[in-house]
Amino acid sequence: MITNRRSFLTTAGLGLFGTAMASPFRQNADDSTIKTEFAFKAEITLDKVLELGNTQHGNRRIIPITGGSFEGPQIKGTVVPGGADWQIIRTDGVAELEARYTLQTNDNALIYVLNRGYRHGPPEVMQRLSKGEPVDPKEYYFRSTPVFETSAENHKWLTRYIFIATGERKADRVILDFYKLL
């Protein structure tokens, strides 16, 4: 019998701890390495950059998405024209990225994507990128955390995991490799 609040909290805590320890999704103590699994690659085509200029938040840029394609072991399709990447270039040179767009799979499912991330590097590298010059992606940091939304049952796996993406900026497109965190 639980006689006071402390006993109740201790008992409840041990119960929750025991439930967590028995969970099949719990990470093993001897396996602390985060593992990923390749999900798909996307090539997203872009229109010219719209420069809004320096706002109260930083240098605002909007890059319209004109299309593209994606493919992976479980998914394939096209990028629907009409999304965009809304960026803020901070005073420290870091680009805060927020892209919103739609994927259409080969089986006609629609998947909404909200992809937030950062891109930064040495000033001379970032200047070359902004001019559309070719730059090795190893010379700068470009990572994001996409979130997916869909009503298509066979693609709901996208809504049940955390994903990360690595990026490469080209003059007229961005190439993203999406990975599922296991």
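Things to note:
- Annotation for the stretch 38-135: trypsin sites (Lys or Arg not before Pro) lying in DSSP loop with at most 14 further Cβ atoms inside 10 Å of their Cβ are Lys48, Arg90, Lys131.
- Only aspartates and glutamates eight or more places from Lys131 in sequence, or on another chain, were considered; those with a Cα closer than 13 Å are Asp172.
- Unsatisfied cross-links (Cα-Cα over 19 Å) in the set Lys48/Lys170; Lys48/Lys76; Lys76/Lys138: Lys48/Lys76; Lys76/Lys138
- Close amide H contacts of Thr36 (hydrogens built in the peptide plane, cut-off under 5 Å, sequence separation of 5 or more or a different chain): Leu182.
- Shape call, the stretch 117-165: gyration tensor on alpha carbons, a/c limit 1.5: prolate
- GluC sites (Glu not before Pro) within the stretch 27-92: DSSP coil, no more than 14 neighbouring Cβ in 10 Å: none
- Between Thr145 and Thr66, residue separation times 0.36 nm minus the direct Cα-Cα distance comes to 26.3 nm.
- Once the C-beta distance of Arg128 and Thr55 is scaled by a Förster radius of 30 Å, the resulting FRET efficiency is 0.75 to the nearest 0.05.
- Estimated translational D of the stretch 34-181 in µm²/s (Stokes, Kirkwood radius over Cα pairs; 20 °C; 1.002 mPa s): 136 µm²/s
- Spin-label pair Arg90/Asp136, simplified geometry with 7 Å Cα→Cβ offset, distance in nm: 2.7 nm
Every number here is computed from the coordinates shown, using simple stated rules; none is lab data. Being a predicted model, the structure only gives us computed values, none of them experimental. Every residue, glycine as well, gets a Cβ built from its backbone with ideal geometry; the counts of neighbours run over all protein chains shown.
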